[in-house]
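Just so you know, all these numbers are worked out from the coordinates, no wet-lab data involved. Because the structure is predicted, anything quoted here is derived from the model rather than measured. Neighbour counts are summed over all protein chains in view; Cβ atoms, including those assigned to glycine, are modelled from backbone coordinates with ideal geometry.
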Amino acid sequence: MQNKTAVITGAASGLGKAMAETFLRAGYRCLLGDINIANESQDENIIHKKVDVTQYNEVENLINTCVNQWGKVDVMINNAGIGPKKLVKTADFSFEDWENVIAVNQTGVFYGMKAALKQMLNQGHGNIINIASLAGLKASPNNISYSASKFAVVGMTKSAAMEYASKNIRINAICPGYTISPLLDKMFQYKPELEEALKKSIPLRRYGEANEIADAAIWLASDQSSYMMGQCITLDGGLSL
Ligand SMILES: NC(=O)c1ccc[n+]([C@@H]2O[C@H](COP(=O)([O-])OP(=O)(O)OC[C@H]3O[C@@H](n4cnc5c(N)ncnc54)[C@H](O)[C@@H]3O)[C@@H](O)[C@H]2O)c1
């Protein structure tokens, strides 16, 4: 993967961090963006840059940094995502938890695709991977904004994939089930009784590992998945069955 570049959002933690490690190991040059980066840094193969995916100018700046540094953006992974502060039924759901989750998970993915696509059209190729969720395929009670945002990511992935299929740009999504990460920890802190109960409902009887999601992402980014477009890979230990 010499000289291939990947931009990953939400790369400071969890799935994004695992994807960064996997792509770096495979020889990609990685631009790692996150809202939670104390010190920006840069060397030959890795740049850590602060970005808030809810701000289009910052996302555009992230893409421009990759192009200025390495000349192109081969892969864009729209991974940054959050959950609501409170898991409650729709009538009780706060406006804040609605707006914040939609801004990061849904609008952030639109901004990521828009900025990356402009560059990918210029360079004549590209590969976009959006991190959706099992919650984008089936019901997620007490989680209305997350549910809305992840169904939206699946829809945006399919619609945009059709638009750019003829331009040598592939767009796919990954729908992880419950995967060990700080995001999942936060949910279990809020509802500790869920941790064991949920595990029992997963046919593989365990939570996913972040590197298992990263392995799917690197396959989607590679030519080995060249006939795959507009699809969502579900990695959930069989939970959706
Ligand atoms: N962990 C799971 O079980 C699971 C399951 C399905 C889908 N997902 C999805 O995977 C993605 C990664 O989740 P994770 O579990 O690694 O969570 P995480 O909380 O460990 O990591 C998310 C990262 O996104 C960053 N981020 C948050 N808001 C941002 C913003 N406005 N701009 C830029 N960066 C921002 C955070 O700082 C954090 O580093 C999310 O889209 C999430 O919805 C996770």
Using R₀ = 30 Å, calculate the FRET efficiency as 1/(1 + (r/R₀)^6) where r is the Cβ-Cβ separation of E99 and S222; round to 0.05. 0.25
For the chain, what does -39500 (n - 2.57) per DSSP helix run (n ≥ 4), summed and divided by total residues, give at 222 nm, in deg cm²/dmol to the nearest 500? -13000 deg cm²/dmol
Taking the alpha-carbon centre of each part, the distance from region 191-241 to region 103-141 in Å is 18 Å
Cα atoms only: what Rg and Dmax, in Å, come out for region 161-241? 15.6, 48
With 18 Å as the cut-off, how large is the P(r) tail for region 1-69, expressed as percent of Cα-Cα pairs? 29 percent
Over region 111-241, relative contact order from alpha-carbon pairs under 8 Å, at least 6 apart, %: 31 percent
What is the Cα convex hull volume of region 160-208 when expressed per residue in Å³? 114 Å³
Kirkwood Rh in Å, taken over all unlike Cα pairs in the chain: 17.9 Å
